[in-house]
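S.K.: Before anything else, here's the structure in question.
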Amino acid sequence: MGIFSFLKRQRDTRHEQSNTDASLDKKLKRTRSMFKENLLGFLRGKKPIDPELLEELENQLIIADVGVDAASSIMEALQQKVSRAEMADSEALQAELHNELERLLKPVEHPLLIPDQSTPFVILVVGVNGSGKTTTIGKLAKQLQLGGKSVMLAAGDTFRAAAIEQLQTWGERNDVPVVAQKTGSDSASVIFDALQSATAKNIDVLIADTAGRLHTQAGLMDELKKVKRVLSKLDADAPHETLIVLDGGTGQNALSQAREFHAAMNLTGLVISKLDGTAKGGIVFAIADTLGIPIRFIGVGEQVDDLEVFEASRFVSALTDMGESVSETTLAEPEV
């Protein structure tokens, strides 16, 4: 059947949806407002480009959580174009800013592809408690089901009874089998058993939840490394995807978490959740610039398709389009 593409499935879904569905700019309303009013507002009116304007633009990039390094990279590119007289005024600068923001994100625009294979494709999902990890797993499982894939879940966060129960609830809701043991069980053992079961039942995709906190952070990383070692005993290539879920509302803390998990686990993909409920969506640029890890999905609401495949151009346009303001529709409460 070939490679399963989340991007193709979501584009097909968007094509079929009603025009009344919320567009991405509405889902990103709070971050969009930050960009529109603070970052882009002062560029209106065809003002002359001078050092003061450029300095203010850099300050606003940093305030928008784009990050110091990313802001410096953007400003260096813009200043080179100014020096070559490629921009006449602040409106031209705004257009070039859009291009530079998109350029920054393009290298991390790599949708998750799941190939047909004789053994289960294993997705190991990591991240701190409260990041939206378990909810992301539930949405991911449903999207895979809608795409024709069989799915199994592994309740590897054995340190929290609530995490096990939440994953089992998602399993019941989606009619997806969940492998779980009692609270306090060995996480690696649970996930090992799940992969054995998924293999025996010819399951296409196994998604494994993991702990988000132990007594010490070092203990957490050791536990996650153990999970990877145990999986490799059944399948030398497993996990095929190590995906971290980051709460976009935590700003620079999300970047710190990604660094720490990447050092321990060699992450292959990122999900940035809860972007519908925060003004700190600029952190996406800092994460892309600093880590260069593929951003697979962004979480922008509670519906299944609100776990959206990350597209650089669409994301930047949703934040920087200076047309009419998005409607003041009430946003759903952020996922937990």
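Matching residues to (1) outside the structural domain of residue 244 (by TED's automatic domain parsing); (2) touching a Phe, Trp or Tyr at 6+ places or on another chain (Cβ under 8 Å); (3) over 30 Å from residue 77 (Cα atoms):
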| site | (1), (2), (3) |
| --- | --- |
| 92 | yes, no, no |
| 95 | yes, no, no |
| 100 | yes, no, no |
| 103 | yes, no, no |
| 118 | no, no, yes |
| 122 | no, no, yes |
| 127 | no, yes, yes |
| 131 | no, no, yes |
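S.K.: Still on this structure, please answer the following. Please specify each residue of the stretch 258-286 satisfying the condition of being of a type in the set (Lys, Arg), out of contact with any strand residue (DSSP E or B) (no Cβ under 8 Å at 6 or more places or on another chain) and closer than 27 Å to residue 227 by Cβ.
M.R.: The first filter runs over the stretch 258-286 and keeps only residues of a type in the set (Lys, Arg), leaving 259, 274, 280.
Filter once more, keeping what is out of contact with any strand residue (DSSP E or B) (no Cβ under 8 Å at 6 or more places or on another chain): 259, 280.
Result: 259, single match.
S.K.: A follow-up question, please. Would a scan of the stretch 244-251 turn up a residue that is of a type outside the set (Phe, Trp, Tyr), within 25 Å of residue 5 (Cβ to Cβ), without any contact (Cβ under 8 Å) to a residue 60 or more places away in the chain and crowded, with 18+ Cβ neighbours inside 10 Å?
M.R.: Narrowing the stretch 244-251 to residues of a type outside the set (Phe, Trp, Tyr): 244-251.
Now drop any that are not within 25 Å of residue 5 (Cβ to Cβ), which leaves 244-246, 248.
Those still in the list that are without any contact (Cβ under 8 Å) to a residue 60 or more places away in the chain too: 248.
Those still in the list that are crowded, with 18+ Cβ neighbours inside 10 Å too: 248.
Taking every residue of the stretch 244-251 in turn, at least one turns out to be of a type outside the set (Phe, Trp, Tyr), within 25 Å of residue 5 (Cβ to Cβ), without any contact (Cβ under 8 Å) to a residue 60 or more places away in the chain and crowded, with 18+ Cβ neighbours inside 10 Å.
S.K.: Which residue, of 281, 212, 219, 269, is under 14 Å from the mean Cα position of the chain (by Cα) and modelled with pLDDT under 95? Show your work before the answer.
M.R.: On the way: 212 fails: under 14 Å from the mean Cα position of the chain (by Cα); 219 fails: under 14 Å from the mean Cα position of the chain (by Cα); 269 fails: modelled with pLDDT under 95.
From the options 281, 212, 219, 269, the qualifying one is 281.
S.K.: Within the stretch 162-178, is even one residue farther than 18 Å from residue 136 by Cα, assigned by TED's automatic domain parsing to the domain that holds residue 284 and surrounded by fewer than 16 Cβ atoms within 10 Å (Cβ to Cβ)?
M.R.: Initially, the stretch 162-178 is screened for residues farther than 18 Å from residue 136 by Cα, giving none.
No, the stretch 162-178 contains no residue that is farther than 18 Å from residue 136 by Cα, assigned by TED's automatic domain parsing to the domain that holds residue 284 and surrounded by fewer than 16 Cβ atoms within 10 Å (Cβ to Cβ).
S.K.: Another question, then. Quick one: in the stretch 179-195, which of the residues that are among the hydroxyl-bearing types (Ser, Thr, Tyr) and surrounded by fewer than 22 Cβ atoms within 10 Å (Cβ to Cβ) is modelled with the highest pLDDT? Before the answer, list the steps.
M.R.: Here is the first cut: in the stretch 179-195, the residues among the hydroxyl-bearing types (Ser, Thr, Tyr) are 183, 185, 187, 189.
Then drop every residue that is not surrounded by fewer than 22 Cβ atoms within 10 Å (Cβ to Cβ), which leaves 183, 185, 189.
Details: 183: 93, 185: 94, 189: 97.
So, considering only residues that are among the hydroxyl-bearing types (Ser, Thr, Tyr) and surrounded by fewer than 22 Cβ atoms within 10 Å (Cβ to Cβ), the one modelled with the highest pLDDT is 189.
S.K.: Name, by its number, the condition in (1) modelled with pLDDT under 85; (2) over 28 Å from residue 278 (Cβ atoms); (3) within 21 Å of the chain's Cα centre (by Cα) that does not hold for residue 13.
M.R.: Failing condition for residue 13: (2).
S.K.: I've got another one for you. Consider the stretch 151-169. How many of its residues are in contact with a Lys or Arg (Cβ under 8 Å, 6 or more places away or on another chain) and within 16 Å of residue 205 (Cβ to Cβ)?
M.R.: Adding up the residues that qualify gives 1.
S.K.: Also, I was wondering about something else. Residue 201 - would you say it is at pLDDT 95 or above and not hydrophobic (A, V, I, L, M, F, W, C)? Can you show your working first?
M.R.: Details: at pLDDT 95 or above: yes; not hydrophobic (A, V, I, L, M, F, W, C): yes.
In short, yes.
S.K.: Could I ask something else about it? Go through the stretch 59-99 residue by residue and tally those that are closer than 29 Å to residue 241 by Cα and part of a helix (DSSP H, G or I). Please lay out each step first, then the result.
M.R.: First, the residues of the stretch 59-99 that are closer than 29 Å to residue 241 by Cα: 65-67, 69-70.
Restricting the remaining residues to those that are part of a helix (DSSP H, G or I) gives 69-70.
So the answer is 2.
S.K.: Can I ask one more? Of all residues in the stretch 115-148, which are of a type in the set (A, V, I, L, M, F, W, C) and under 19 Å from residue 266 (Cα atoms)? Spell out how you get there, then give the answer.
M.R.: Applying the first criterion (of a type in the set (A, V, I, L, M, F, W, C)) to the stretch 115-148 yields 121-126, 128, 137, 140-141, 144, 146.
Residues satisfying the conditions are 121, 122, 123, 124, 125, 126, 128.
S.K.: Mind listing whichever residues of the stretch 97-133 are over 19 Å from residue 288 (Cα atoms) and of a type in the set (D, E, K, R)?
M.R.: 116, 133
S.K.: Go through (1) touching a strand residue (DSSP E or B) at 6+ places or on another chain (Cβ under 6 Å); (2) at positive phi and name the single condition residue 198 misses.
M.R.: (2)
S.K.: Quick one: which residue in 33, 73 is modelled with pLDDT of 90 or more and not assigned by TED's automatic domain parsing to the domain that holds residue 255? Outline the logic, then answer.
M.R.: On the way: 33 fails: modelled with pLDDT of 90 or more.
Unique residue meeting the criteria: 73.
S.K.: Okay, moving on. Taking into account only those residues within the stretch 93-151 that are in contact with an Asp or Glu (Cβ under 7 Å, 6 or more places away or on another chain) and on the phi > 0 side of the Ramachandran plot, which is surrounded by the fewest Cβ atoms within 10 Å (Cβ to Cβ)?
M.R.: Checking each candidate, the answer is 130.
S.K.: Consider residue 203 against the criteria (1) in contact with an Asp or Glu (Cβ under 7 Å, 6 or more places away or on another chain); (2) in contact (Cβ under 8 Å) with a residue 40 or more places away in the chain: it satisfies all of them except one. Which criterion is unmet?
M.R.: (1)
S.K.: Okay, next question. Quick check on my filter: what residues within the stretch 76-90 are surrounded by fewer than 18 Cβ atoms within 10 Å (Cβ to Cβ) and within 18 Å of residue 35 (Cα to Cα)?
M.R.: Residues satisfying the conditions do not exist here.
S.K.: Being assigned by TED's automatic domain parsing to the domain that holds residue 222 and farther than 27 Å from residue 295 by Cα: is that true of residue 157 here?
M.R.: Values: assigned by TED's automatic domain parsing to the domain that holds residue 222: yes; farther than 27 Å from residue 295 by Cα: no.
Judged against the criteria, residue 157 is not a match.
S.K.: Test residue 313 against the stated conditions and say whether it is more than 29 Å from residue 145 (Cα to Cα) and surrounded by fewer than 21 Cβ atoms within 10 Å (Cβ to Cβ). Working first, answer last.
M.R.: On the way: more than 29 Å from residue 145 (Cα to Cα): no; surrounded by fewer than 21 Cβ atoms within 10 Å (Cβ to Cβ): yes.
When the stated conditions are applied, residue 313 does not pass them.
The values are calculated or read from the model by the stated rules, or taken from the named source; none is laboratory data. Everything numeric in this text was worked out from a predicted model, so none of it was measured. Please note: Cβ atoms are built from the backbone with ideal geometry, for glycine as well, and neighbour counts cover all protein chains shown.
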